[in-house]
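Here the structure is laid out as structure tokens; the discussion comes afterwards.
The values are calculated or read from the model by the stated rules, or taken from the named source; none is laboratory data. As the structure is a computational prediction, the values presented were derived from the model and not from experiment. With ligands, DNA and RNA removed, areas are computed over all heavy atoms of the protein, side chains included. Shrake-Rupley method; radii C 1.70, N 1.55, O 1.52, S 1.80 Å.
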Amino acid sequence: MKGIVFREFIDMVESQFSLETADAIIQASSLSTHGAYTTVGTYPHQEMVDLVANLSDRTGIAVPALLQHFGRHLFSRFVEIHPNFTNAFTDVFSLLNALEHTIHVDVNKLYRDAELPTFSYEQDDQQHMVFVYRSRRQMADFAHGLIEGCIAHFKESITIQRADLPPMDGEAQTRFTLVRAAHGHA
């Protein structure tokens with residue numbers, strides 16, 4: 001997993017919980033770096049699992065809720081850090097449709113060793129989209145938060161229905177059905 005994700009997670013913990021909480025979860029986790037992540041480095045996914053689990057233990061907030069919260073936070077940070085990835089799109093569906101074949105292609109150019117989840121889409125009209133997340137990392141809660149962050153960024157009124165699907169080829173699968181309200185924007 002890319003260091004930028006770790007760095008942003010630790011920054012979020014420091015700013016939204018406390019420096020003490022960030023230090024405590026770093027100390028409680030088995031980290032190869034002892035919490036010193038570079039944004040371009042690549043680190044074991046298990047370290048993120050440890051950090052989130054330790055934050056859950058310390059705060060009493062369930063891991064799925066923390067991952068969703070972090071996803072929303074990270075999307076807003078991506079808007080600030082990489083505005084070219086989001087400014088090219090006018091709404092949630094156009095951005096999500098471009099994720100696999102445009103945005104992830106650009107991410108792989110920046111971070112050649114990135115191990116990204118895969119997505120597939122079905123969109124019959126402007127009101128509905130089915131978005132399927134696949135990953136060996138099993139971080140659908142994080143993906144859910146990123147989608148929520150995208151919806152908030154574009155100020156759209158979209159509901160999300162989520163269904164965990166049976167694993168395929170060792171990858172977790174989750175289907176997100178997005179339904180845009182008739183008026184479109186919140």
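Structure notes:
- The angle between the Cα long axis of helix 140-154 and the main principal axis of the chain comes to about 60°, on a 0 to 90 degree scale.
- Protein accessible area in the chain, 1.4 Å probe - carbon and sulfur %: 53 percent
- Computed from backbone phi with θ = phi - 60° and the Karplus coefficients 6.51, -1.76 and 1.60, the 3J(HN,Hα) list for region 22-35 is 4, 4, 5, 6, 5, 5, 7, 9, 8, 10, 5, 9, 6, x Hz; x is used for glycine and proline.
- Folded to 0 to 90 degrees: helix 45-59 orientation relative to the chain principal axis, Cα: 80 degrees
- Per residue accessible area in Å² of region 1-54, where ligands, DNA and RNA are left out and the probe is 1.4 Å: 45 Å²
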